[in-house]
Structure formats: structure tokens, C-alpha cells
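The values are calculated or read from the model by the stated rules, or taken from the named source; none is laboratory data. Note that the structure is predicted; figures quoted are calculated from it, not measured. Neighbour counts run over all protein chains shown; Cβ positions are idealised from the backbone, glycine included.
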Amino acid sequence: MPEDQPGTGPGTGPVAVPDLVPAPVSARFGGDRCALTDPLLLAGPGTGDTARWLRRELGAATGWELPAPAGAERSAEDRQVIRLALRPDLAERHGPEWHEVHVGDRGVLLEGADPAGVFRAAQTLRQLLGPDAFRRAPLRPGGRAWTLPVGDVLDGPRFAWRGLMLDVARHFLPKDGVLRYLDLLAAHKLNVLHLHLTDDQGWRIHIARHPRLTEVGAWRPRSRWGHRASPLWNDTPHGGFYTHDDIREIVAYAAERHVRVVPEIDIPGHSQAAVAAYPELGNTDAVDTSSLTVWEDWGISENVLAPTEAVLRFYEGVFEEVLELFPPEVSPFVHIGGDECPKHQWRRSPTAQDRIRELGVGDEDGLQSWFVRHFDRWLAARGRRLIGWDEILEGGLADGAAVSSWRGYAGGVAAAEAGHDVVMCPEQQVYLDHRQDGGPDEPVPIGYVRTLEDVYRFEPVPPELSPEAARHVLGAQANVWTEVMENQDRVDYQVFPRLAAFAEVVWSPLPEPAARDFASFEARMATHYARLDALGVAYRPPAGPRPWQRRPGVLGRPIEGAPPGV
């Protein structure tokens, strides 16, 4: 990088040009501009996925064909060029996904430590070209000259796990919506999509050997309209599921964008949809499961899985199909939930009580731990890693398991200090279903008030962690639970613009010793809102919801007697 231009980045002040989100590690720009009209595309070995993406996405917005030169590279000497190249030394010096972007007067060079790094560099190029580069067709007939600032960017991620959990069980998001969210993750340099595929209110993945899971478990006759305290109902039947081919398409689409997909099959709680489909999965000696239906309401159902060998075999069959659909190179982790498992039925079940004595696990918490440990060993034997919500700590942490710490930081701290990997996703900071403002116009206001700035101030590594334990923090993810999000626009409203703030937290380096500069981020968001507009994202405007984004008369969950801000 040239040394005669001032360096900028999240630790040294705002990035003057061109309002990159998330902020890069280092950006150096002068006052010159490069005008691109119809550049060639030179793709070096190992960069083919990014070349295809550029031709498809950037080509659609600009009208460029982005042809490769017909002959040797010298044929490109009199043409502007976008070059893609791997730079292994970037991996040696910095790590995976690092990249450099060099803009000169004759074109652009994108260099990455690995193919993912080249792809992240292409995302930076798209932002440098301006918001119109995010559209699906050129805005002006006959094309135009696209300009970008001459200079250099060095960039790379703070964390390896930068994710979004999308709950498609409570309200189903069709396949095209999932593909769209993969594009939105990629645009923000996020790299994990955690799909919450099963819950009390729906089962969303076809399992060939157990077809009733979707024939019965994927559908409910109606849904609560608002929080469970609301007296309103939506009487339109709701449901849907992903076929095997849908999942294969999602996984392949994610891989092209260097996004890992983490499937979640929730056990042993949050399982009423499965028990409705196959009543023998439930605690039949404690409750009559024959008349159960997919749950229409929100909350935590008491209908949990029975702790029997037959149930283990059933779910081994489920996971065998899941592993076939989510290959290890895209999905090294498999999430088993493990959260919010009521023990009432186990306490009343003679079978469960006999199981506790037989296994010598002490109590119902120990029985849940046995359930988790079984699948921990089962997944490990097949080359995968189990990850679960921090309730898997109850009764003892499963060996080798990683923890999604959602009930604050405590579970993650305990797990990391014990040598287990952790993904930080505390409810109070990064649950994006929580309301964004305390005003009366927020649609179905849920939980804590967490503004754009609140999310921007989130710190994934709590200060009480020892340096050794801090290395076990893989990263963080924002969670989106969809009980009160009935369609894609509602999901957009809750997720954006806060996901942009979250992306900067997990990508950009933490400034030392100063705190993150929210004023800089807010200023850069002025440009980023235009990118979101071009992408068709129905985000919450800074001034508050638009009239059609409100839900007057639909009750949410304000927390009575809570401290200010809740």
C-alpha cells in the first residue's frame, strides 16, 4: 500500500471514502477516480466462483459482459481489467478471508488469502462502485461510466463465526427467501446461516424415512396474531417445508458465497410438531399424545421427547439424512437445540424415571445431558461437531460440544473457561426480534429495546474471560425468532439496519483503547441505506416505522416492572 496517503479504519477515525460497511482494517484513498466502462475480467486459479458471481451480479447492475481476454494476458493491455488472484502470503501473515483491493487508473486488482478472501474483496468492489451496483439491471439505457476512488484496502475478519440465526419453524420462509438472505449475509461479509428447522410450531425439512414429519408436522391450522397474550388469531393455515433438492440448492448457493449453513434439529424439547406426527415419540405413559396437533400458540410446549432407545434410533435416522444434505465442508457443525426442555412429563413418566436410575444420571437434568451426550458422540463419530444452546450445560457439558450462549454471557463464559468453543448470541444484546424503539408505533413490540447503537455497542468477548478462554470464542451471531414475523417484510424490518451494525462488530477490529465510533458508523449508514434500498430490503427507517410497517392493536410483550430501556 502507498505510504503517502493517510490510513483510515475503525481504529483511526471514519473511512473518508467511500462509506464501507463493515469498516475495513485499513483503507487508503487519494482524490483521484477510476472510471470503468466495459472492463475485462481476468480470473486467476482458484477464483472461479467469484468470477461467476461478478459476471452475474455486477454484470446485471452495470451492463458489463465482463469477458475474459481471448488470448494471452497481453491482449488486455489496452483494456481496463478487473483481476482476481489468490495471495497465499496473506493467509500466512493475517489468516483466512483476508484480502486486498487495489484500484488504479486502469482497473482493479482483487487479491485474497483464499477463495473466500477473493469473494469478500469483490463485495468491497461492489460497495466502492456505489449503491446502484446493487441493482438487478442498469438504470440508464446505453450504460454509463462507473467510477470508484483510486486507492487500496487491506481487510480481514475479527471472528471466524459471523452469523445469523433464522427461525423458519415458527413462520416458514420459502426457499427463495432463504437464498435472498444468503445474498444479504454475503453483502455484509457474514459467513454463517443457522437455520432453525424444527420446533413445536412446525417441522421444515423433508425426511424421507419419516414422511409424516412434513405431511403432518409442517402444517398448523392457525397462528396466534401477536404475542401469546394477544386475543387475536390468524385463521389462515400456515406451513411449508424444504424438499431435499431445496436444501441441496440452499447449500450450494451458500457455498458459492462462502457461507456455512448450520442446520438445527431441536431435541429433546421444542418437539411437539414431531410428536404430533409420530405420537410414539412422546411420553405416552405420562400424557395422551394421540390427539396432539402442531402447536398453534407461542411459548414453550411441555410435550418433549421420551428418553427411550426407540426415540434415539428415530432421530439417528433423521440426522443421517440431515448429514447427507449438509456436507461437512459447508456444515461442519450440527445444532441440536437443547434449550427450554420442560421436565414435567419426565417427572411423571415411569419410563423416564426408570431410565434415570438405569443410567445413574441422578435427575431429569442429567437425563437431558445424557440425551445431548449421545448425539455428541454420534455426530463426532461421523466427523461433525455438535453445537447447542447453553442449556446443554445443565447436568454437565457434553464432551466436545460447542455452546451457543443465549441466556446472557454466563453460559458462554463457563463453557469457554472449561475449554469449549462458544458462539456468543446473548438475548439482551443480539436478539433482533426485540423491539428497536420504545415508542408505541413499533410493530408487535417484543422484549428489550435494542437500538441500532445498542447492537453496535455489543462486545462478543466479555472482559472477565481469561486470554486462553477468550480464544474459545469462535465469534457471534444475531438471532431472529419469527413468532411475530409473518412474512419476509416483517423479518426485514426486524433485522435491518441492525444486522449492518452487528456485521461491523464481528468483522471490524475492536479499536484500542477507544470505543467504537458510532457517529462514524451512523454517517456511513447514510450511503448504506441506499444500498439496502437497491437490494429491496424493507428495513426500519431511522425516523421510525412507515405506516404500513406498524401493527396497531396487535399486542407485543413489554416487560412490566423492568428497568428503564426494557
Problem - Hits in the range 354-393 (condition: buried (at least 19 other Cβ atoms within 10 Å of the Cβ) and either in contact with a His (Cβ under 6 Å, 6 or more places away or on another chain) or part of a loop (DSSP other than H, G, I, E, B) (or both)) - result: V361, R384, I387
Problem - the range 386-396, subset modelled with pLDDT under 95 and not acidic (D, E), residue nearest to the chain's Cα centre (by Cα) - result: I392
Exercise for the section: Go over the candidates G226, G317 one by one and state the one that is outside any helix (DSSP H, G or I), out of contact with any His (no Cβ under 6 Å at 6 or more places or on another chain) and in contact (Cβ under 8 Å) with a residue 40 or more places away in the chain. Expected result: G226
Exercise for the section: Within the range 368-379, identify whether any single residue is in contact with a Leu (Cβ under 8 Å, 6 or more places away or on another chain), touching a residue at least 12 places away in the same chain (Cβ under 8 Å), in the same structural domain as Q272 (by TED's automatic domain parsing) and of a type in the set (D, E, K, R), and answer yes or no. Expected result: yes
Problem - Sole residue being of a type in the set (D, E) and on the phi > 0 side of the Ramachandran plot, chosen from E97, E65 - result: E97
Exercise for the section: Please work out if D176 is over 25 Å from P509 (Cβ atoms), out of contact with any Cys (no Cβ under 9 Å at 6 or more places or on another chain), assigned by TED's automatic domain parsing to the domain that holds V261 and free of Cβ contacts under 8 Å to residues at least 24 places away in the same chain. Expected result: yes
Completion exercise
Of the conditions (1) in contact (Cβ under 8 Å) with a residue 40 or more places away in the chain; (2) assigned by TED's automatic domain parsing to the domain that holds L173, the single one that G556 does not satisfy is (2)
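For residues that are more than 22 Å from E483 (Cα to Cα) and crowded, with 18+ Cβ neighbours inside 10 Å, tally how many sit in the range 202-222.
Residues flagged as more than 22 Å from E483 (Cα to Cα) and crowded, with 18+ Cβ neighbours inside 10 Å within the range 202-222 amount to 2.
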Practice task
Answer yes or no: is there a residue in the range 465-487 that is of a type outside the set (A, V, I, L, M) and assigned to a helix (DSSP H, G or I).
Solution key: yes
Exercise for the section: Could you give me the residue pairs with C-beta distances under 8 Å whose first residue belongs to the range 182-201 and is assigned to a helix (DSSP H, G or I), whose second residue is among the polar types (S, T, N, Q) wherever it lies, and which are 6+ apart or on separate chains? Expected result: L185/N191; A186/Q123; A187/Q123
Practice task
Would you be able to tell me the number of residues in the range 508-532 that are closer than 15 Å to H188 by Cβ and not hydrophobic (A, V, I, L, M, F, W, C)?
Solution key: 6
